Amino acid sequence: MAKILIGPAGTGGAELKNFEEISKLGLDAVEFEFTYGVWLSKEQANKIQELNKKLGILFSIHAPYFINLNSQEVQKVGASRARILKCLEIAHYLKAKYVVFHPGFYLKSTKEETYNKIKEQIKKIIEEAKIKDLDSSILAPETTGKPTAFGDLDEILRLAKELDISVCIDFAHLKARYNGKINYDEVIEKLKNSKMKKIHAHFSGIEYTSKGERKHLITQEKDILELFSHLKKLDMQISIINESPQPIEDAIKMKKLLN
């Protein structure tokens, strides 16, 4: 049976009391949102990591949104790699277990061309991380919520297998990507076949159109229970970050429904 860890996206800043409060609330995880840039310094990360020796929270990082490893502009691809590497560096001091990122967009490329370009760029990140003595296995490309964005479940699991890295399965994104249709049985079967022992995940309510996701919504109890009924079939550790507009409140809701 799966071991499920639950926590919110966002920390409200780097103040130590925020992490103590999250721990007191009985939550297991926190994702640092570097949406528009890395705002945490090495010194701050070290202090938080020292406190976390006592708290035992699973930390993850969400890399900035300004990433496209399939850009036609060489400069943008290089800047994308640099942003991911900076997150790996902070993860080193924070002892974060995952660095989540949106890999890129198909643009005018075929799916296979996009896959190969993104794989090539992640390999370069892995090589650069090795030089800097950073753990690249925690890289976690995320399933995305729009069909124009690279990142269906098969693509993400294929990257993980071929590059020996982690994944982030955003179940809300998968629902939005396919216009409200998510085949949980198929998803669970693919995760079982991946043979992974640990996965990282995101969840929340989601608003979508025929073009995919629009925005995250408050997480409904029925959707949480549906997700858990399937995840409990897996024999692995799953950390789930809630990304709703009220991530702490909804993470607590999820935790209560899990117990």
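The values are calculated or read from the model by the stated rules, or taken from the named source; none is laboratory data. Quick caveat, the model's predicted, so the values are computed rather than measured. Because the Cβ atoms are built from the backbone with ideal geometry, glycine has one as well, and the counts that use them run over all protein chains shown.
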**Lone qualifier among 56, 12, 37, 7 - being under 22 Å from residue 224 (Cα atoms) and either modelled with pLDDT of 95 or more or not hydrophobic (A, V, I, L, M, F, W, C) (or both)** = 7
**Asked** So how many residues does the range 80-96 have that are over 15 Å from residue 141 (Cβ atoms), of a type outside the set (Gly, Ala, Ser) and either assigned to a loop (DSSP other than H, G, I, E, B) or out of contact with any strand residue (DSSP E or B) (no Cβ under 7 Å at 6 or more places or on another chain) (or both)?
**Response** 5
**Message:** I'd like the full set of residues that are part of a strand (DSSP E or B) and either without any contact (Cβ under 8 Å) to a residue 24 or more places away in the chain or closer than 15 Å to residue 77 by Cα (or both), limited to the range 99-114.
**Reply:** 101, 105
**Asked** What single numbered condition from (1) assigned to a helix (DSSP H, G or I); (2) surrounded by fewer than 16 Cβ atoms within 10 Å (Cβ to Cβ); (3) not small (Gly, Ala, Ser) fails to hold for residue 117?
**Response** (2)
**Item:** Residues located in the range 47-68, provided they are closer than 21 Å to residue 136 by Cβ and without any contact (Cβ under 8 Å) to a residue 60 or more places away in the chain
**Value:** 49, 59, 61, 62, 63, 64, 65, 66, 67, 68
**Message:** With the requirement that a residue be without any contact (Cβ under 8 Å) to a residue 40 or more places away in the chain and part of a loop (DSSP other than H, G, I, E, B), what does the range 139-196 give you?
**Reply:** 143, 152, 164, 167, 178, 179, 180, 181, 182, 183, 195
